[in-house]
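Inspection log for the structure reproduced underneath, given as structure tokens.
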Amino acid sequence: MVPVNLDVTEINLQHCKEASGVLNHLLCQKSLNLTLIQEPWIYRGTIRGLNIRGGNIFYDTTSNIPRTCIVTTGAVTTQRLVQFTSRDLTAVLVTHRVGGIAKTIVSTSAYLPYDSSDLPPSKKLADLVEYCKEQERPLLVGCDTNAHHICWGSSNTNRRGEALLEYLITTDLDILNTGKSPTFVVSNRQEVTDISLASNELAQEIINLKVTDEESLSDHRHIHFSLQSDRPQIPAWHNSRTTCWDSFKENLRSRMGGRMTSLRTVDVGREVSVLQTSLVESFTDNSKERRKVSKRGAIWWHHELETLRKKCNRISRRARRNQLDWSTAKKDRRKSLEKM
């Protein structure tokens, strides 16, 4: 196996359409990615803006306004943990290989609402931590805590932060955040409220964690890190647009051999199986197999959008360096967003 890292991204999109577009473009350029999202963009009760080819999205479909989801791209083997998926929590089993050995971890996106009457963590998150302990499964958590504590780089400590830290001390979860790079940036303050957690065993395999300065079009910043893993086998796929349909029909006709003309009830199951097999084999024989993963980004992304995104990044950097006042920066940023 050739070693390759499983890229992990964490971001709170604040239900923003434009922030979802930027994230979509970034993920389309990656062949292997796991993304932990809080407050995705919702339209008519469905998460929008993350329709990535070859990607999968997991969230609580019973909730009208889900506040967490997980997106995977590439050959990432995942399975949703339904019993631990709710409006504010999404959990999936992720299988990856290290040194040729398959390992299964639990990956979670969690949102701890600031207006909750209960102190963090939520009961659902605590139950998940206990489940992972009982099943001896490594746990990875991307969480918008809405809590401050100097332990993870905040400028101060509040009651929510104290309660969360007291809980974390009782578990084997390590805080991955290092330094004081803010994850939440607005005109009048910068704070660390988004944290990444991992069980002690898994934390040893996580490298290159950083909070990016790139403009996300959300008040929150992208958090990137990598999970050491082997390169998986990219599954083959067939493009229906390049299929030779005339040859497909001929192959299907020869495979079927006039079947289904006189069908008895006892033969239905067998005949359906024959039909399905014939359709699949005729299609694969007459369409080209592909394994290459495109890294061109979202198909709707164009040069002008890239130029405006770079302009937003320059404006934000100048404001952070006090070379530009925040009111002017917000006006320029708003103008760029309107053009986008």
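Does Ala147 satisfy the criteria of being modelled with pLDDT of 95 or more and assigned to a loop (DSSP other than H, G, I, E, B)? Spelling it out, Ala147 is indeed modelled with pLDDT of 95 or more and assigned to a loop (DSSP other than H, G, I, E, B). Criterion applied to Arg221, Arg231 was being surrounded by 14 or more Cβ atoms within 10 Å (Cβ to Cβ), basic (Lys, Arg) and at pLDDT 85 or above, and the one residue passing it is Arg221. The criterion of at least 2 residues that are on the phi > 0 side of the Ramachandran plot and in contact with a Leu (Cβ under 8 Å, 6 or more places away or on another chain) is met by none of the strands (runs of 3 or more DSSP E) wholly inside segment 1-81. Looking across Tyr114, Tyr131, one residue alone is aromatic (Phe, Trp, Tyr) and surrounded by fewer than 16 Cβ atoms within 10 Å (Cβ to Cβ). It is Tyr114.
Has segment 89-101 got any residue that is of a type in the set (Ser, Thr, Tyr), surrounded by 18 or more Cβ atoms within 10 Å (Cβ to Cβ), at pLDDT 95 or above and under 17 Å from Ile175 (Cβ atoms)? Looking through segment 89-101, none of the residues is of a type in the set (Ser, Thr, Tyr), surrounded by 18 or more Cβ atoms within 10 Å (Cβ to Cβ), at pLDDT 95 or above and under 17 Å from Ile175 (Cβ atoms). Scanning segment 161-186 for residues that are crowded, with 17+ Cβ neighbours inside 10 Å and on the phi > 0 side of the Ramachandran plot returns no hits. The set of residues in segment 192-218 that are touching a Ser or Thr at 6+ places or on another chain (Cβ under 7 Å) and surrounded by fewer than 17 Cβ atoms within 10 Å (Cβ to Cβ) comprises Ile207, Asn208. Only one of the numbered conditions (1) surrounded by fewer than 19 Cβ atoms within 10 Å (Cβ to Cβ); (2) closer than 14 Å to Pro121 by Cα is not met by Arg189, and that is (2).
Scanning segment 94-110 for residues that are touching a residue at least 40 places away in the same chain (Cβ under 8 Å), within 22 Å of Gly54 (Cα to Cα) and not hydroxyl-bearing (Ser, Thr, Tyr) returns Val94, His96, Arg97, Ile105.
Among the residues of segment 36-45, is there at least one that is over 22 Å from Ser196 (Cα atoms), of a type outside the set (Ser, Thr, Tyr) and at pLDDT 90 or above? Yes: one or more hits.
With the structure loaded, tell me whether Thr193 is hydroxyl-bearing (Ser, Thr, Tyr), closer than 26 Å to Pro113 by Cα and either outside the structural domain of Gln14 (by TED's automatic domain parsing) or within 18 Å of the chain's Cα centre (by Cα) (or both) or whether it fails that test. Considered against the rule, which asks whether it is hydroxyl-bearing (Ser, Thr, Tyr), closer than 26 Å to Pro113 by Cα and either outside the structural domain of Gln14 (by TED's automatic domain parsing) or within 18 Å of the chain's Cα centre (by Cα) (or both), Thr193 comes out as no.
The values are calculated or read from the model by the stated rules, or taken from the named source; none is laboratory data. Note that this is a predicted model, so its numbers are computed, not measured. Heads up, the Cβs are rebuilt from the backbone with ideal geometry, glycines too, and the neighbour counts pull from every protein chain shown.
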